[in-house]
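*Asks:* There's a structure below that I have some questions on.
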């Protein structure tokens, strides 16, 4: 797949990874359909992008949103070449205290919203026998952290959905890549559902969103099955799989929960 002149949908484009991805794609010559809930931020982003693009303000968990986005892309550019399913929401809370409404909201966005986007583009990809789907998952979709059980469950469900889709797409000409970022420099943590009362002994500063965007470009052009944004994340998952008890003890010491009504804090 060539990025120049490609028509690519990017969800969650108003901030963080999505914004960085839309910006990088635009500078490489793609036509980007930027999707997010915040219309004013999408307008501001659109004005900074070189080339011709489109924006759509909507919640991906609304079943009407992604079909409307696809219709906009077809009406504006005549086709769709790829979709980057990036939009998501976090959830931080001990499993014993999880509120089911928060879990459902997390699932509706992180699984339902991605499913809606995939189902909206697949008929066009199937008709053309080509297309690229990039799904932004997380390393916690493979190994959960304490107090991230609700969020990890949504990403784990998303991963299994993609496992099945990989098999179903064999021979179709459509490529699917799951990207597993670790900690990224963004405002994602401050907007999580739950209380965000984690206290960590150490915390990675995270990688720039632009670095994740570059990996997404690689996914769009080379189509690996799974892609990590740092080799350290892959190594940590390997270690946790080989030594699960040791990994659990280390995580229990590194991350604890503060039972107060306070904002997310660092230690």
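The values are calculated or read from the model by the stated rules, or taken from the named source; none is laboratory data. Quick caveat, the model's predicted, so the values are computed rather than measured. So basically every Cβ, Gly included, is an ideal-geometry build from the backbone, and we count neighbours across all protein chains shown.
*Asks:* I need a count of the residues in segment 74-99 that are within 18 Å of the chain's Cα centre (by Cα) and part of a helix (DSSP H, G or I).
*Replies:* 0
*Asks:* Select the strands (runs of 3 or more DSSP E) contained entirely in segment 1-63, then report the ones holding at least 1 residues which are under 17 Å from the mean Cα position of the chain (by Cα) and touching a residue at least 24 places away in the same chain (Cβ under 8 Å).
*Replies:* 7-11, 31-36
*Asks:* Let me ask something else about it. Would you say residue 102 is in contact with a helix residue (DSSP H, G or I) (Cβ under 8 Å, 6 or more places away or on another chain), part of a loop (DSSP other than H, G, I, E, B) and over 24 Å from residue 222 (Cα atoms)?
*Replies:* No.
*Asks:* Let me ask something additional. Inside segment 176-208, can you point out the residues that are part of a strand (DSSP E or B), under 16 Å from residue 137 (Cα atoms) and either at pLDDT below 65 or out of contact with any helix residue (DSSP H, G or I) (no Cβ under 7 Å at 6 or more places or on another chain) (or both)?
*Replies:* 207
*Asks:* Related question: Can you tell which of 114, 134 is in contact with a strand residue (DSSP E or B) (Cβ under 6 Å, 6 or more places away or on another chain) and assigned to a strand (DSSP E or B)?
*Replies:* That would be 134, the only listed residue that is in contact with a strand residue (DSSP E or B) (Cβ under 6 Å, 6 or more places away or on another chain) and assigned to a strand (DSSP E or B).
*Asks:* Still on this structure: Restricting attention to segment 128-164, and to residues there that are touching a residue at least 24 places away in the same chain (Cβ under 8 Å) and out of contact with any helix residue (DSSP H, G or I) (no Cβ under 7 Å at 6 or more places or on another chain), which single residue is nearest to residue 249 (Cα to Cα)?
*Replies:* Checking each candidate, the answer is 147.
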